[in-house]
Amino acid sequence: MFKIVSKRLLAPHIYLMDIEAPRVAKAALPGQFVIVRVHEKGERIPLTIADYNAEAGTVTIVTQTVGASTRLICAKEEGEFLLDFVGPLGMPSELVNETDEQLRARKILFIAGGVGTAPVYPQVKYLHGRGVKVDVIIGAKGKDALIFQDEMKSVANEVFVATDDGSVGFKGLVTDLLKDLVQNRGKQYDLVVTIGPMIMMKFVAALTRELNIHTIASLNTLMVDGTGMCGACRVSIGNEIKFTCVDGPEFDAHLVNFDEAMRRQNMYRTIEGVKDKELEEKDHKCKIGRDGK
């Protein structure tokens, strides 16, 4: 059993939790993920590690209520427990294998979208700890949907915000902002790391290909089982078939078949939507039973 040490609402339907998991916290590296299970019959949910503290023995996860399983996680409160919290899993960011000198010579930009901002943070924090200055673009629908903005500012060189409605920062998509930074503000990058909605990463990759910037994308949202046994997270990377959970979750974005990945992801969303409806009906019946109506 793994205790929820703290919980807070970051934005509508998005919760941050610090989980007591000393062994995971001690071994974790940026880019890796954990598998969470709420109860004995619960689904295995892969969640990218948003932060970790080896001394405190805690691991931070950020969860958005998008289906039945994530609703169950977010319904848990401080002091309650998760049944399983397995990790760290997956391959860490390739940046952890470079020397400080190599990293400091690079011009790196992270592009985060929505909940994808959470797993970007530990990578930027890790690089900051090694004396590496990187820029970050955070994209969101609006001001209320922004997360980790202050945390990111504390470890990044510069943080740029793009919102669809223009309520804060640049009005437009993250790709529009990237183009503006490179073409109008004199910014130069030799590596982009993008984490967020699949459609966002697809268009980021298309733009960086035009700009001739090497790009890494995290396909963390495609995972299901998290061990490579189910094969549900297979994805075409160039001419090869890879499994997101064991070979990734990070891949060369210019080689990812995003259309295939999105078709697979949409299939899972349909299944999760059915489960969510069943859970809502169950909750409704329970309320009827309690109220006697």
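Test A162 against the stated conditions and say whether it is buried (at least 23 other Cβ atoms within 10 Å of the Cβ) and modelled with pLDDT of 95 or more. Yes, satisfied.
Regarding G116, is this residue within 19 Å of T175 (Cα to Cα), out of contact with any Cys (no Cβ under 9 Å at 6 or more places or on another chain), outside any strand (DSSP E or B) and of a type outside the set (A, V, I, L, M)? Yes; evaluated as a whole, the condition is true for this residue. The residues in region 231-249 that are open to solvent by 30 Å² or more (accessible area, probe 1.4 Å) and either part of a strand (DSSP E or B) or acidic (D, E) (or both) can be counted, and the count is 6. For region 55-72, state whether one or more residues are open to solvent by less than 20 Å² (accessible area, probe 1.4 Å), at pLDDT below 90, over 17 Å from N220 (Cβ atoms) and not assigned by the TED database to the domain that holds F110. Yes, that holds for at least one residue.
In this entry, G31 passes the filter for residues that are open to solvent by less than 60 Å² (accessible area, probe 1.4 Å), at positive phi, touching a strand residue (DSSP E or B) at 6+ places or on another chain (Cβ under 6 Å) and in a loop (DSSP other than H, G, I, E, B).
Evaluation of V36 against the conditions (1) in contact (Cβ under 8 Å) with a residue 60 or more places away in the chain; (2) crowded, with 23+ Cβ neighbours inside 10 Å; (3) in a strand (DSSP E or B); (4) not hydroxyl-bearing (S, T, Y) shows that the sole unmet condition is (1).
L103 meets all of the listed conditions (1) buried (at least 16 other Cβ atoms within 10 Å of the Cβ); (2) assigned by the TED database to the domain that holds R37 but one, namely (2). The single condition from (1) outside any loop (DSSP other than H, G, I, E, B); (2) in contact (Cβ under 8 Å) with a residue 12 or more places away in the chain; (3) not small (G, A, S) that M91 fails is (1).
There is at least one residue in region 133-146 that is at pLDDT below 95, surrounded by fewer than 23 Cβ atoms within 10 Å (Cβ to Cβ), assigned by the TED database to the domain that holds L207 and farther than 18 Å from Y15 by Cα.
The values are calculated or read from the model by the stated rules, or taken from the named source; none is laboratory data. Because the structure is predicted, anything quoted here is derived from the model rather than measured. Methodologically, a virtual Cβ is constructed for each residue, glycine included, from the backbone with ideal geometry; neighbour enumeration extends over all protein chains shown. Keep in mind that these areas ignore ligands, DNA and RNA; they rest on the heavy atoms of the full protein, side chains included. Shrake-Rupley method; radii C 1.70, N 1.55, O 1.52, S 1.80 Å.
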